[in-house]
Amino acid sequence: MPTDDLAIKRIDPSLHNDDLAPLPFEKRKWGWFEIFNVWSNDIQSLFGYTLAATLFISYGLNGWTVFAAIVLAGVIVMFLVNLSGKPSVRYGIPYPVMARASMGVRGANFPALVRGIVAIFWYGVQTYFASTAVALLINSLFGISGAPEYLGMTLVGWISYVIVWGFQLALFLKGIDWITKFLNWAGPLVYAVMIALMLAIWYQAGGGLLTELGNIFSGRGDYAGGTFSAFMAVVGTMIAYFAAVIINFGDFARFSRNEAEMKKGNLIGLPIGLAFFSFIALFITAGTVVVFGETLTNPADIVARVDNLFLTVVAALTFFAATVGINLVANFIPPAYDIANLAPSRISARTGGIITAVIAFFIGALWVSVISAIGIAAFVDTLGAVLAPLYGIMIADYYLVQKQRLDVQHLFSAEPGTTYHFNEGWNRKAMVSFAIASVFSVASVWTPGLESLAGFTWIIGALLGGSFHYALMRKVSAVPFASSAPAP
């Protein structure tokens, strides 16, 4: 279909700018490899490796059972992002604009703001952790050790932090093509280095590696809740790890050439890529028991034990690339769009990115000395729990209420009587659905009796939000197939 069919003819300047507008077909250049690398960079962070390695040894499960749980989680996440990505592939719109269909053209500012706050916080924190890799590189190359600290960081630490902060901002300002190139380079590189580390550990461990793997795959069955509860806990934990990207996956899916490419990238990047990366983590973790006499689940600790300058340099660069990759995917691009959605006529995605970077700078700079010590985790977890019902509402609205038909022009119009104007731009039924469902999601963070549902509160919150929204909106007629909507 010609790109002219996507043209917005009746727009409200307060709802539209070039970054939020439907992406023309000629600018949708991503194939399955680019989508795959979104997930590669999301998985291959320091935390991602540690999480995968820890799951094999924390629940007393047979190793094959853990693999099955991880793959199942990958399949579930793939299903969820296929749902949230499909409308963005079809209409070329980012998540904040997509949210207007269910929440109203003004009400969509609420989920965009919440998602933006969560992302900005973690962007600052991940920037700090990426800077530790650069500091490791500088200290190793110049033999620096034992320096005074200011606000929890040495002079090298501060220099490294500013370098990482500036690098990420510069990369973002270069545009999506440069970000794509970085992700396509960083994803395969991290895989290559992790495979090399696995082979090195395997070589040092010798035959003892197979013995230790046998111990892991035998399972101890010592999880208090039983085998099934342990299995479900692994699945839930892995789903929760990806929760931040699930809701705004449309920000990336809109760059896909078609839905088939998106789904292929999700398949290779999630259940397949997740299983492969977990396999590597398992082998390395088992090898550390043989080589070092204890279980090491943090790659930085493993590198430190090896005490090899070349490996340290390579590992530092790899950890830096991996952490910057996930930061761009999960924590930089989403809030840039979210902030732009608050005032499109005055704030572009570029400006939103600058605002994100400035606020996040202070969060990361104060992470060690202040923020990490004041129990901020519960605050962030609460904001994350708020996102769950919003995902359910968005998906139920598009597939069940709107019947996969959107009027693109009305997504950018605040004129009374248009499809998504509702009540002065807010869909009160969606807000009621959110309020009811979020009670459970938020309570799961603060109520001691709900610890057993850890990891599943996001899924349950999404189901509740979607169910309540459909129940309240089921009498609303689906939007007629508008002339501005591209064919499937």
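Scanning the range 18-54 for residues that are hydrophobic (A, V, I, L, M, F, W, C), at pLDDT 85 or above and either part of a helix (DSSP H, G or I) or touching a strand residue (DSSP E or B) at 6+ places or on another chain (Cβ under 9 Å) (or both) returns PHE25, TRP30, TRP32, PHE33, ILE35, PHE36, VAL38, TRP39. Test ALA101 against the stated conditions and say whether it is part of a helix (DSSP H, G or I), of a type in the set (A, V, I, L, M) and either farther than 21 Å from GLY466 by Cα or at pLDDT below 90 (or both). It is false that ALA101 is part of a helix (DSSP H, G or I), of a type in the set (A, V, I, L, M) and either farther than 21 Å from GLY466 by Cα or at pLDDT below 90 (or both). Condition test on ILE93, is it touching a residue at least 60 places away in the same chain (Cβ under 8 Å), buried (at least 20 other Cβ atoms within 10 Å of the Cβ) and assigned to a loop (DSSP other than H, G, I, E, B)? So ILE93 passes the test.
Just a yes or no: is a residue in the range 117-124 surrounded by 18 or more Cβ atoms within 10 Å (Cβ to Cβ), farther than 30 Å from SER369 by Cα and either in contact with a Leu (Cβ under 6 Å, 6 or more places away or on another chain) or of a type in the set (D, E, K, R) (or both)? No, the range 117-124 has no match at all. Selection of first residues in the range 56-76 that are at positive phi and surrounded by fewer than 18 Cβ atoms within 10 Å (Cβ to Cβ) and of second residues that are outside any helix (DSSP H, G or I) and not aliphatic (A, V, I, L, M), restricted to Cβ pairs under 8 Å at least 6 apart or on distinct chains, gives the following pairs, ordered by first then second residue: GLY60/GLY219; GLY60/ARG220; GLY60/GLY221; GLY60/ASP222; GLY60/TYR223. Evaluating ALA135 against the criteria (1) within 24 Å of TRP426 (Cα to Cα); (2) out of contact with any Leu (no Cβ under 9 Å at 6 or more places or on another chain); (3) surrounded by 21 or more Cβ atoms within 10 Å (Cβ to Cβ) leaves one unmet condition, (1).
For the residues ASP251, ASP301, the requirement of being part of a helix (DSSP H, G or I), acidic (Asp, Glu) and surrounded by 22 or more Cβ atoms within 10 Å (Cβ to Cβ) singles out ASP251. A single entry from SER160, SER145 fulfils the requirement of being crowded, with 16+ Cβ neighbours inside 10 Å and over 20 Å from the mean Cα position of the chain (by Cα): SER160. PRO488 passes all but one of (1) at pLDDT below 80; (2) loosely packed, with under 15 Cβ neighbours inside 10 Å; (3) in a helix (DSSP H, G or I); which number fails? Failed condition: (3). Just checking, does the range 276-285 include any residue being under 21 Å from TYR241 (Cβ atoms), at pLDDT 85 or above and not hydrophobic (A, V, I, L, M, F, W, C)? Checked against the condition, which is being under 21 Å from TYR241 (Cβ atoms), at pLDDT 85 or above and not hydrophobic (A, V, I, L, M, F, W, C), the range 276-285 yields at least one hit. In the range 166-178, the condition of being within 21 Å of the chain's Cα centre (by Cα), in a helix (DSSP H, G or I) and basic (Lys, Arg) is met by no residue. Answer yes if at least one residue in the range 293-309 is in contact with an Asp or Glu (Cβ under 7 Å, 6 or more places away or on another chain) and either small (Gly, Ala, Ser) or closer than 28 Å to SER84 by Cβ (or both), and no otherwise. Looking through the range 293-309, none of the residues is in contact with an Asp or Glu (Cβ under 7 Å, 6 or more places away or on another chain) and either small (Gly, Ala, Ser) or closer than 28 Å to SER84 by Cβ (or both). Could you grab me the full set of residues in the range 344-389 that are of a type in the set (Gly, Ala, Ser), over 21 Å from the mean Cα position of the chain (by Cα), at pLDDT 90 or above and over 16 Å from PHE129 (Cα atoms)? Within the range 344-389, just SER348 meets the criteria.
The values are calculated or read from the model by the stated rules, or taken from the named source; none is laboratory data. Keep in mind it's a predicted model, so treat the numbers as computed, not measured. Glycine also receives a Cβ, built like all others from the backbone with ideal geometry; neighbour counts cover every protein chain displayed.
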